[in-house]
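Right, one structure below, let's go through it.
Read the figures in this text as sums done on the coordinates, not as results from a lab. Since we're looking at a predicted model, the values are computed, not measured. Here the Cβ is made from the backbone with ideal geometry for all residues, glycine too, and neighbour counts use every protein chain on show.
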């Protein structure tokens, strides 16, 4: 996925908007990447998005997507329920992730999970493992992983996360400066914002702008204009 | 007007609504009309109007309907009670169950279900105004909504229909032609390969008539496909 909104223009086809079923053509010997499949020797776009060519790899940057968990992802989960020893976290994927009490950062008594995390509360956690049927296990053991007690959680589509972070984290820094707030972007598209009311409001409107116009060039200029 | 009295064409070969035999009704498509859905599309096909919305992939409930190796499509075709001159009793009926089933089968042949095991993709099709050919309308709108939702598909299903009225093969029958006509042939076509993924035939056609209907449908499918692609591109501001 490209780091900013301007697609690389090294190849004529790159950045072109493609639709499902479109024959991409002219990619002999290339490898089919994300959103592309080789059918009867031809490269076929499998989803709506911008065509990307990276060396020998042809792929598509999707314009809409749902979060698919991967092991190691930093995500923000919302507690949806619990049993005596497990919490169920909504991480924005098709399925809830489980957080066993053994992977919580506290000493939890069997049956006392609700004392530490209750329904509706948000946690910063990491995906520990995902199996082939998309069942995920989350962990809160690790640096910086914690319960989120203040601030608010905003949702963005997962495919625009690279634009929210920007090249080398430049966009993220710009957003932090804009609202003078703390910001954590989860790989599942949830963004935790913590700061003063006005700052958080500014960041929310900036995120809305990114959400609406992430696929159009000149995103950075629009965000910078917000701060002026 | 009884069966057999209806004249679908005048002496110049022009149909009641001003079309020629091989001409289809005007089609307009717009994407993203339901902001809370993962993908959606509105289609206006002649006087037909429909909205399709796609939600998911999400966990399939109850668990017994889950497939361990792939997602399931949950397609629901419904006509609004006010969509026709005779009020339709709300809820599932024999006809909507049948159309939901054929739509599901048509879409299953293109959607990459293996990517989302144990999940469900919900496709809701609501007919707002009906004037013959709503199943084609629904399948086409559902394809656009699925593409808008970012669901991986090997092609977009385009559904069109041809038929026969007063012994003449006609493209895209309207309400009186469908009611008083002799045959109707809706088809689901993959425009990239001209493969057939859905076919129903109501009434009788000779082999020659069937072939002519097929040719009409394939040509129309390509025209509708161009409109579908245009709708998707407009949604995302054209070429970036």
Calculate for chain A the 222 nm mean residue ellipticity that helices alone would give, adding -39,500 (n - 2.57) per DSSP H run of length 4 or more and normalising by residue count, nearest 500 deg cm²/dmol. -5500 deg cm²/dmol
In degrees rounded to 10, the 0-90 angle between helix B:134-148 Cα long axis and the longest Cα principal axis of chain B is 30 degrees
Using just the helices of chain B, give the 222 nm mean residue ellipticity in deg cm²/dmol: DSSP H runs with n ≥ 4 each add -39,500 (n - 2.57), and the total is spread over all residues, rounded to 500. -9000 deg cm²/dmol
Hey, what angle do you get for helix A:170-179 against the long axis of chain A, alpha-carbon based, 0 to 90 degrees rounded to 10? 50 degrees
Could you give the angle, 0 to 90 degrees to the nearest 10, between helix A:197-213's Cα long axis and the longest principal axis of the Cα atoms of chain A? 30 degrees
If Rh is defined by the Kirkwood formula over all Cα pairs and Rg also comes from Cα, what ratio Rg/Rh do you get for the range B:154-214? 1.00
Counting partner chain Cβ atoms within 10 Å of every residue's Cβ in B:149-159, what's the average? 6
With contacts defined as alpha carbon pairs under 8 Å and 6 or more residues apart, what's the relative contact order of the range B:1-103 in percent? 12 percent
Which of rounded, prolate or oblate describes the range A:100-228 when judged by the alpha-carbon gyration tensor and an a/c cut-off of 1.5? prolate
Averaged across the residues of A:19-32, what count of C-beta atoms belonging to other chains lies within 10 Å of each residue's C-beta? 4
Simple label model, 7 Å out from Cα along Cβ direction - residue B:199 to residue B:16, nm: 2.9 nm
Gap in Å between the Cα centre of the range B:200-219 and the Cα centre of the range B:17-77? 25 Å
With the Cα gyration tensor of the range A:1-158 giving a ≥ b ≥ c as the square roots of its eigenvalues, does the rule (a/c under 1.5 for rounded; else a/b larger than b/c for prolate; else oblate) give rounded, prolate or oblate? prolate
If each part is reduced to its alpha-carbon centroid, the range A:13-85 and the range B:88-158 end up apart, in Å, by 23 Å
More than 17 angstrom separation, counting every C-alpha pair in the range B:82-151; what % is that? 48 percent
What percentage of all Cα-Cα pairs in the range A:133-202 are separated by more than 17 Å? 50 percent
To the nearest Å, what is the center-to-center distance of the range A:211-226 and the range A:102-147, using C-alpha atoms only? 35 Å
Take every residue in peptide B:113-122, count the Cβ atoms of other chains within 10 Å of its Cβ, and give the average of those counts. 3
Counting all Cα-Cα pairs in the range B:1-63, those more than 13 Å apart amount in percent to 74 percent
In whole Å and largest first, what semi-axes does the C-alpha gyration tensor of the range A:183-228 yield when each eigenvalue is scaled by 5 and square-rooted? 19, 15, 7
Evaluate the relative contact order of the range B:27-234 (contact order divided by residue number), counting alpha-carbon pairs under 8 angstrom at least 6 apart; express in whole percent. 22 percent
For the range B:102-240, what class follows from the C-alpha gyration tensor (a ≥ b ≥ c being the square roots of its eigenvalues): rounded when a/c is under 1.5, otherwise prolate if a/b is larger than b/c, else oblate? prolate
Give me the orientation-averaged projected area of the Cα convex hull of chain B, in nm², one decimal. 14.3 nm²
With N residues in the protein assembly as shown, Rg(alpha-carbon) / (2.2 N^0.38 Å) equals 1.12
